[in-house]
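Presented below is the structure to which this report refers.
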Amino acid sequence: MTRIIGLSGSLRRGSYNTALLRAAQELHPQHLRIASIADIPLYDADVESKGMPAAVQSLKQQIASADGLLLVSPEYNSSLPGVLKNAVDWLSRPSGEIRNVFRDKPVAVIGASPGGFGTLSAQAAWLPVFRGLGARFWSGGRLVVSGAHNVFGQQGHLADADIRERLAAFLEGFVEFCAD
Ligand SMILES: Cc1cc2nc3c(=O)[nH]c(=O)nc-3n(C[C@H](O)[C@H](O)[C@H](O)COP(=O)(O)O)c2cc1C
């Protein structure tokens, strides 16, 4: 069974990106497991030198043993969000273990924004990060959710049938890619 770890790059309770990840998980409960970056501290080499924080170690293990990684990334100032980049930075430490966590790991990025471009710039900004980590970035599909405030209902459920269909198609392609 193909197992994918999903991470939202927003800590906000009412996050559209976390809502999008939950919708993905509802579509593929057998393949997608949601993990969290909420307990990952700010990267500090002095902290690292005293030992890897438990939250980082746990997330590293979950990703290392998964067949793929799905990031659901907000866009901040036309680029990737610091909290999610901070988590990926921790996950890339120590550098000698990058191969266990990221090398040849299928990775895909989707995202939601109230704006008109739906995290297009953030998704592009992730490319050099995963290229540097040696991951297998999946570019077989694209999902940018714009106007997110009109796409999710009050309780954060995905209320837009067209987006649900596009999310399902994206996930189908990515799951297949991870299974290779
Ligand atoms: C510091 C900051 C910068 C932002 N920059 C952008 C941006 O460049 N493009 C965009 O579409 N939205 C931008 N936004 C709006 C976010 O897309 C919006 O807050 C979104 O709801 C964040 O994702 P979340 O709902 O998952 O928390 C920005 C928000 C913040 C707080």
Problem - Stretchable slack from residue 33 to residue 165, in nm (0.36 nm times residue separation minus alpha-carbon distance) - result: 45.5 nm
Fill in the blank from the handout: To the nearest 10 degrees, the tilt of helix 82-91 (Cα long axis) against the first principal axis of the alpha carbons of the chain is 40 degrees
Completion exercise
Taking Cα atoms only, helix 54-64 is inclined relative to the longest principal axis of the chain by an angle, in degrees rounded to 10, of 70 degrees
Practice task
Please build a GNM for the chain, connecting alpha carbons under 10 Å apart, and tell me which residue among 12, 164, 93 fluctuates the most.
Solution key: 12
Practice task
Compute the acute angle (0 to 90°) between the alpha-carbon long axis of helix 16-27 and the principal axis of greatest extent of the alpha-carbon atoms of the chain; round to the nearest 10°.
Solution key: 80 degrees
Fill in the blank from the handout: Counting only DSSP beta bridges fully inside the chain, the antiparallel percentage to nearest 5 is 10 percent
Practice task
Please report, in whole Å, how far the alpha carbons of the chain spread along each principal axis, starting with the longest.
Solution key: 47, 34, 26
Practice task
For the stretch 87-165, report the translational diffusion coefficient in µm²/s to the nearest whole number, using Stokes-Einstein at 10 °C, 1.306 mPa s, and a Kirkwood Rh over Cα pairs.
Solution key: 112 µm²/s
Practice task
Would you order 105, 85 from fewest to most other beta-carbon atoms within 10 Å of each residue's own beta-carbon?
Solution key: 85, 105
Handout entry: Residue with peak Gaussian network fluctuation, the chain [Cα springs, cutoff 10 Å], from 108, 45, 19
Key = 45
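No lab work stands behind these numbers, since they all come straight from the coordinates. Just so it is clear, the model here is predicted, and its values are computed rather than measured. Every residue, glycine as well, gets a Cβ built from its backbone with ideal geometry; the counts of neighbours run over all protein chains shown.
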